[in-house]
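Just so it is clear, none of the values below were taken in a lab; they were calculated from the coordinates. Treat the numbers as computed from the prediction; the structure is a model and nothing was measured. Neighbour counts are summed over all protein chains in view; Cβ atoms, including those assigned to glycine, are modelled from backbone coordinates with ideal geometry.
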2 protein chains.
Amino acid sequence: MPSEDELLQMLHRALGPAAVVGGDLVVGIGDDAAVVRCPEEGRQLVATVDMLVEGQHFVLRPGAFTATDVGWKALAVNLSDIAAMGARPRWALCSLALPADRREVVLPPLYRGLGRLARAFGVRVVGGNLASAPTLAIDVVLLGEVRRAMCRTGTQVGDRLYVTGRLGAGAAGLALMTGGQPLHAHLARALVSAQRRPRPRVREGLALAALPDGVVHAMCDISDGLARDVRRLLGGLGVTIWEDALPIPDAVRRAAEACGADPLRWAVYGGEDYELLLTAPAAAEPSLRAAMEREGMQQLHCIGEIHDGGSYLCSRQGGVSMPLAEEGWDPFRVTENRRQVVAGAS
Amino acid sequence: MPSEDELLQMLHRALGPAAVVGGDLVVGIGDDAAVVRCPEEGRQLVATVDMLVEGQHFVLRPGAFTATDVGWKALAVNLSDIAAMGARPRWALCSLALPADRREVVLPPLYRGLGRLARAFGVRVVGGNLASAPTLAIDVVLLGEVRRAMCRTGTQVGDRLYVTGRLGAGAAGLALMTGGQPLHAHLARALVSAQRRPRPRVREGLALAALPDGVVHAMCDISDGLARDVRRLLGGLGVTIWEDALPIPDAVRRAAEACGADPLRWAVYGGEDYELLLTAPAAAEPSLRAAMEREGMQQLHCIGEIHDGGSYLCSRQGGVSMPLAEEGWDPFRVTENRRQVVAGAS
């Protein structure tokens, strides 16, 4: 069994120079707590924590998740929360629980996955905790900073609803991983990668937060599914989502066809897309687009309109509207919901 | 099953006004992340995370832990880490994993226990996460601030070793809870309470941190046992701990007698005392004592001396010295170590 010192050395090897004291990091991994320099006065400090549990959020087996994927994804879901506040991610702590006999196999790749994504976004891993438990669980704490955080409240009647990137890839990737029909290899790789190693929209969140106050009314990320997350922006108002405006990539449609599933269901109820969802007045559209048009940034899609009625899904050209069901990821009904999502059952 | 809104209402009822937005709290529970105002520039931000797992750190059953105890203790162990940095605790996030069918029974008392201790130390619970898992685990993140954090490095040859409060109560409480012999009720209550609801030395840490730079050389808390934690202050140096100087209360000695255990073993190897352990030059003793003599503060005990040899346990009057064993709480050998501690086996 490695000693505490050997464990710390392993951690530093996996995390690289970003975990070494210096710059804004005063005390790093190995003391009672991590110490960093406060951002300048007047800034806001943003903090989030999100836990992934084996058997609920991932399984570790060939064809599903590797420990490297789990480390990556555990940070990615937190980066997505920080992005949804328009904040810059700065420091992470990683709290792990796992059976003692899996420690040496799981920890190095898990920390490498975490460290790789951390470096990609300039995040320093500054501390954490290690506990013994029958089930593997990874709880990442992420701290960020922002001038003025964007939050979920503030949506008004007449606002447009926007989403970054694309929808349905998280659910498609899950379906392909959990026994979906085979698909052309490079299509499958991209979709499964969206599920295993999501790319949080940190740069997009920063670009939106840099707009003048009041351009964006409210923002959140899509983790539990568009249908569930949009309600968090509504504050009792209603929304009409235009199904023909949803950015569902061709790969998702082809995967749905191969799996006998409905791509629209995946996009609306599937979850784990880790895109940003926001409301803004219609007049703000040019400002929003200009903010997003910097090099490499994800596209912004206008997918609906806020009103004071109920919430519906319909075609932009009108026609039959379907009430937006209260479905999506529920932390306490994971298996059931995943089965629904994967099987496309109603 | 309560909705997300009902869950948030329950949380706010349990946590009280400290969780309501206002003052330094800009965005609280219910958004993608918590937002607080940064402390003034030049301050240091301190962050720690510590997880308690059912069956490893506690059992929920009559005579052992209640859910209220678990909520309290999960914050207490983090407060102790923040105290060990000399920092002021400010904001907590609580990440919970538990089986869905225990949610309604466990959550309200657990948050009440957490909220009660948070209020006692002026900590605001600003966010968290809820996941489903086969085993109950509670992971508390605690943020604090300090002018200049005290850390584990800096001990010099000739320094004295000091400890706050008393030693052995954590192990005595555990022994009494896990089937130790009966003891006079009010003695047992105090010891079991030290195990269930430890009182972290936050005020003592702040008093020590307010001393001029260089008075305290290094500091940590005692969570894994004096013998294990003292090594974290030594940086390769040695220590002689005077067994007759250890602050072992009479109640601990009587509990040990009733359980057929060795009170010295409990004090040195037992762990979970959540006291502060520090090194300082002998000449600093009057400053240290003056800092601690404010009303209600725990006493400071000089319990040993730093040198450049090995680490020993002996009487202050000399006599036989015993090497300090590398024992104590190891997160991956919990059951074994607890059995040793409780049974007093070597």
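Step through the residues of the range B:61-77 one at a time and calculate ³J(HN,Hα) from phi using the Karplus curve (6.51 cos²θ - 1.76 cosθ + 1.60, θ = phi - 60°), rounding each to whole Hz and writing x for Gly and Pro.
Computed from phi, the couplings for the range B:61-77 are 7, x, x, 10, 9, 9, 4, 5, 4, 5, x, 4, 5, 4, 7, 4, 5 Hz.
Other chains near A:138-145: what is the mean number of their Cβ atoms within 10 Å of each residue's Cβ?
What the average comes to for A:138-145 is 5.
Count charges around B:Ala190 for me, please; just the other residues with Cβ under 15 Å from its Cβ, Lys/Arg as +1, Asp/Glu as -1.
+3
Return, for the Cα atoms of the range B:142-246, the radius of gyration and Dmax in Å, separated by a comma.
16.3, 47
Which ³J(HN,Hα) values in Hz, rounded to whole numbers, follow from the phi angles of the range B:267-283 under the Karplus curve 6.51 cos²θ - 1.76 cosθ + 1.60, where θ = phi - 60° and Gly and Pro get x?
Here the 3J(HN,Hα) series is 5, 8, 10, x, x, 6, 8, 6, 9, 9, 10, 8, 10, 7, x, 4, 5 Hz.
With a cap of 12 neighbouring Cβ atoms within 10 Å, and only residues DSSP puts in a loop, list the GluC sites (Glu not before Pro) found in the range B:270-316.
B:Glu293, B:Glu295
Once you place label points 7 Å from the Cα toward the Cβ at B:Asp262 and A:Ala282, how far apart are they in nm?
8.2 nm
What residues have an amide H closer than 5 Å to that of B:Asn129, excluding those fewer than 5 places away on the same chain, when H is modeled at 1.01 Å from N in the peptide plane?
For B:Asn129, whose amide H was placed from the backbone, the distant partners under 5 Å are B:Cys94, B:Ser95, B:Leu96.
Less than 13 Å Cβ to Cβ from A:Asp213, Lys/Arg counted +1 and Asp/Glu -1: what total charge do the surrounding residues give?
Combined, the nearby Lys, Arg, Asp and Glu give +2.
Per 5 Å bin from zero, what fraction in whole % of the C-alpha pairs of the range B:239-296 is there, up to the bin with the longest pair?
Pairs per bin, as whole percents: 4, 13, 20, 22, 17, 14, 7, 3, 0.
First measure r as the distance between the Cβ atoms of A:Ala245 and A:His186, then evaluate 1/(1 + (r/R0)^6) with R0 = 35 Å and state the FRET efficiency to the nearest 0.05.
Given R0 = 35 Å and the Cβ-Cβ separation, E is 0.85.
Going by a ≥ b ≥ c, the root eigenvalues of the Cα gyration tensor, does the range B:117-188 fall in the rounded group (a/c under 1.5), the prolate group (a/b larger than b/c) or the oblate group?
Taking the square roots of the gyration eigenvalues as a ≥ b ≥ c, the range B:117-188 is oblate.
With θ taken as phi - 60° and the coefficients 6.51, -1.76 and 1.60, list the Karplus ³J(HN,Hα) couplings across the range A:217-227 in order, rounded to whole Hz; mark glycine and proline as x.
7, 7, 8, 8, 9, 9, 10, 9, x, 3, 5
In terms of modelled amide H atoms, which long-range or inter-chain residues lie less than 5 Å from the amide H of B:His307?
B:Gly158, B:Gly238, B:Val239, B:Thr240
Could you pull the copy-to-copy label distances for A:Gly238, with points set 7 Å along Cα to Cβ, in nm to one decimal and sorted shortest first?
Computed spacing set for this position: 8.1 nm.
Would you mind checking which residues have amide H under 5 Å from B:Met150's amide H? H placed 1.01 Å from N; only 5 or more apart, or other chain.
Answer set, sorted by chain and number: B:Gly86.
Return the FRET efficiency for the residue pair B:Met297, B:Glu40: r is the Cβ-Cβ distance, R0 is 22 Å, and the value is rounded to the nearest 0.05.
Approximately 0.25, to the nearest 0.05.
With a ≥ b ≥ c the root eigenvalues of the C-alpha gyration tensor of chain A, is it rounded (a/c under 1.5), prolate (a/b larger than b/c) or oblate?
The shape class here is oblate.
Please compute the net charge surrounding B:Met85, taking Lys and Arg as +1 and Asp and Glu as -1 over other residues with Cβ under 9 Å from its Cβ.
Local net charge: -3.
Let me have the 222 nm mean residue ellipticity of chain B computed from DSSP H runs of 4+ only, each contributing -39500 (n - 2.57), with the sum over all residues rounded to the nearest 500.
Calculated mean residue ellipticity at 222 nm is -10500 deg cm²/dmol.
State to the nearest 20 debye the size of the charge dipole of the protein assembly as shown about its Cα centre, where the only charges are +1 on K and R beta carbons and -1 on D and E beta carbons.
20 debye
Write down Rg/Rh for the range A:4-146, rounded to two decimals, with Rg from the C-alpha atoms and Rh from the Kirkwood relation over Cα pairs.
0.96
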